[in-house]
Structure formats: structure tokens, C-alpha cells
Amino acid sequence: MTCLEILDARFALLHGFRATQDNYVATPLAWAVAGGESATTNLDHFDLDETLLTAAPLLEEAAHAEGGVAMRDVEGAGYILAFAVGPQGMPVAIAEVHCDALPSDGLNDCVHELLGIYAEHIGLLDYAELDTLTRLHNRKTFDENFDRFISMAEAAQQREEEEFETDPDKIPSCWLGVVDIDRFKRINDNFGHLFGDEVLIRVADLLKRNFRTSDRLFRFGGEEFVVMLRFVSKCSAAAVFERFRLAVETHDFPQVGQVTCSVGYVQIDPSLTPAEILSRADEALYYCKANGRNLVKRYEDLLAAGLITAPLAVVSNDELQADIDALFDN
């Protein structure tokens with residue numbers, strides 16, 4: 001709202017910004033209209049489409065501009081300005097502002113400085129929520145978000161069941177995947193922890209590039225990662241996890257060469273406790289590790305094929321933290 005007032009703008013949009021394997025993409029995060037109306041996009045309840053930055057040339061120009069600002073004169077509709085929020089080439093967000101009149105360079109500089117302060121504020125929040133090595137969300141953040149993620153899955157399930165009643169496989173669902181780098185201890189032993197850390201950083205980057213902004217990515221310490229995949233069908237979930245596995249397999253890791261990973265994943269069942277959901281994804285992962293590694297397996301498929309057995313005991317939510325520790329400290 002402050003930027004609107006400074007520039008005397010009609011409305012503004014805030015876009016999230018991230019790199020994928022092939023492109024940069026933007027996702028709507030918030031909007032504000034002159035006069036006081038504003039809102040933050042509720043990422044917990046809406047499956048938001050990402051836009052390739054090549055399809056939004058003004059945003060792309062701002063992201064890479066030396067001064068962090070780009071402008072377009074829209075004939076008969078005033079001006080659109082885009083401000084990069086964060087470092088050149090890799091901002092955390094881009095502010096798109098629509099004005100009737102072209103603001104002065106001084107006002108533009110003022111807004112850019114304010115957005116720079118905002119970027120620093122985001123950085124401080126990230127310090128508490130992100131793993132310091134990979135810049136993915138940390139375990140503490142996972143613990144705080146998992147219950148909400150299960151509630152989101154339940155709401156999605158109720159909303160979509162009637163529409164896709166004739167084809168359940170097309171129902172957009174939520175999924176939890178556990179990723180483990182194969183033979184990571186051997187990498188550390190043979191090449192040293194410096195190259196081991198480089199592998200972790202690059203795998204984390206591949207995670208960011210192969211999943212959407214609306215998905216959630218976590219590092220649990222060591223070589224384990226967790227993915228919360230939002231609102232995709234059964235076939236799409238399988239394709240996305242397989243695409244990531246292949247991206248790791250074909251990536252050239254410095255000094256180390258080829259690295260592979262195993263992925264076990266499960267559909268979020270809101271009737272289960274968080275510990276049960278994690279346990280099922282971990283069981284699928286364990287099957288991958290015991291059967292050749294460099295695999296992606298869905299818990300439900302393994303269960304239906306008789307390759308694993310259904311759990312006998314139900315774990316209470318009071319035991320969640322201890323179970324999470326046990327699952328990822330093995």
C-alpha cells in the first residue's frame with residue numbers, strides 16, 4: 001500500500017519469483033488497490049498457476065535490470081512499472097505497479113529502496129525457517145506446517161470428489177514424498193565433506209527447479225529431503241517425482257560425477273496421523289533402497305502388489321516428533 005501511495009498508482013501485484021530447470025517463473029502472491037482494498041493470496045487453499053517469465057517480458061526485464069526497474073507505456077491505459085525485490089538476476093519477488101501518470105525517477109528510486117528493505121526483512125525470516133546450507137525449509141518449519149497440509153488435503157478431497165467421480169485417478173490430491181541421496185556416505189568418504197555439501201546444494205537446487213512455488217520442500221538434515229506436492233492427479237504426481245529423479249541422475253556433479261536418489265511417496269489421507277503418513281512414505285523409500293536404488297515408488301502401488309504389508313499399529317499424534325526423528329535419523 002505504501003508503494004501505491006508514493007507512486008499514486010491504481011493497483012499493484014506482487015509476484016513470487018523462482019528458477020525452474022529450464023526457465024524462470026512467477027507466481028501471484030498479493031495484490032492491492034488504491035483506496036485501501038488489498039489481499040494476500042492464500043497459498044494454503046488455492047492451486048495457483050505459475051507464469052513463465054518469458055511470457056511476461058516486463059517482469060523478466062525487471063528481474064535482470066541493473067537498476068531493478070522496468071517500465072511500459074500502455075497506450076490509453078497509463079504505465080506499468082515492475083520492481084525487482086532482491087538481487088539482480090535472482091529476486092525473491094517482483095512488484096508490478098499500474099499508474100495513470102509516469103512517476104519521476106526520484107519516486108521510482110524511493111520505491112525501489114523500500115522494496116529492498118522488504119527483501120532484507122524476508123531474508124531475516126528465512127534465516128529462522130530455512131536450512132542454512134540448502135536454503136530449503138528446515139525440519140522445524142515442516143513440523144509447524146504438516147497439520148495444516150493435511151487439512152488442506154482434506155478440503156481438496158471434499159471439493160473435488162463429485163467433479164471427478166467417474167475417474168478417481170484424475171482427482172487433484174496432495175502427496176508427501178521422501179527423497180534420499182543414494183550412497184551419500186560413500187560420497188563423503190571418497191571425496192570429502194566439501195564435495196558432499198556441494199551435492200546437497202545441487203540436489204536442493206534441482207528440487208527447486210522441478211517443483212512449483214506452491215509445493216513445499218524441506219531438508220531434514222543429512223541426505224534426506226521431504227516434498228509436499230499440492231493438488232495434482234495420481235499420474236501427474238508419478239510424472240513429477242520421476243522427472244526429479246531423472247534430473248538428479250543426469251546432472252553432472254563436480255568431481256563426484258553421477259549421483260542418484262531414491263523417492264518414496266504416498267497420497268495424503270486426512271484420516272491418518274502425520275506419523276502414519278510419514279511412515280508410509282518412508283516404507284516406500286526403504287523398498288527403493290533395498291531393490292536397487294535410483295527408483296521412485298508409490299506406497300499404494302507397493303501395497304496393492306503385495307510387495308509391502310499394511311501397518312498393524314496406529315501411532316498417536318503425541319508420538320509424532322519421536323517418530324519423525326526415528327524415520328530420518330536411520
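Which of the three applies to region 162-246, rounded, prolate or oblate, going by the alpha-carbon gyration tensor with a ≥ b ≥ c and a/c under 1.5 meaning rounded?
Because a/c hits 1.5 or more and a/b exceeds b/c, region 162-246 counts as prolate.
Could you pull out every residue, at least 5 positions away or on a different chain, whose amide H is within less than 5 Å of the one on Leu136? Hs are placed 1.01 Å off N in the peptide plane, and Pro or chain starts have none.
Long-range HN contacts for Leu136: Asp131.
Evaluate E = 1/(1 + (r/R0)^6) for Lys289 and Arg243, where r is the Cβ-Cβ distance and R0 equals 25 Å; express this FRET efficiency to the nearest 0.05.
0.80
Applying the Karplus parametrisation 6.51 cos²θ - 1.76 cosθ + 1.60 with θ = phi - 60° to the phi angles of region 66-73, what ³J(HN,Hα) value in whole Hz is obtained for each residue in order, glycine and proline being reported as x?
Each residue's phi maps through the Karplus curve to give 4, x, x, 9, 9, 9, 10, 8 Hz.
Amide H of Asn294 versus every other amide H placed in the peptide plane: which residues, excluding those fewer than 5 positions away on the same chain, fall under 5 Å?
Amide H to amide H, under 5 Å and 5 or more residues apart or across chains, Asn294 pairs with Cys261, Ser262.
For region 55-107, with every protein chain kept in place, what is the accessible area per residue (1.4 Å probe, Å²)?
Heavy-atom SASA per residue in region 55-107 reads 47 Å².
What residues qualify as long-range amide H neighbours of Ile268, i.e. H under 5 Å apart, gap of 5 or more or another chain, H built at 1.01 Å from N?
For Ile268, whose amide H was placed from the backbone, the distant partners under 5 Å are Cys174, Trp175, Leu176.
Loop only by DSSP, 12 or fewer other Cβ within 10 Å of the Cβ. Give me the trypsin sites (Lys or Arg not before Pro) in region 213-257 that pass, ordered by residue number.
none
Calculate the FRET efficiency for Cys110 and Glu75 from the Cβ-Cβ distance with a Förster distance of 22 Å, rounded to the nearest 0.05.
So the FRET efficiency works out to roughly 0.25.
Can you list the HN-Hα couplings for region 202-210, worked out from phi with the Karplus curve (6.51, -1.76, 1.60; θ = phi - 60°), rounded to whole Hz and with x for Gly and Pro?
6, 5, 4, 5, 5, 4, 4, 7, 9
Each residue of region 145-150 in order: what ³J(HN,Hα) in whole Hz does its phi give by Karplus 6.51 cos²θ - 1.76 cosθ + 1.60, θ = phi - 60°, with x for Gly and Pro?
9, 5, 4, 5, 5, 5
The values are calculated or read from the model by the stated rules, or taken from the named source; none is laboratory data. Remember, predicted model here, so these are calculated numbers, not experimental data. Cβ coordinates were reconstructed from backbone atoms using ideal geometry, including for glycine residues, and neighbour counts include every protein chain displayed. Please note that ligands, DNA and RNA were not included when accessible areas were found on the heavy atoms of the full protein model with its side chains. Shrake-Rupley method; radii C 1.70, N 1.55, O 1.52, S 1.80 Å.
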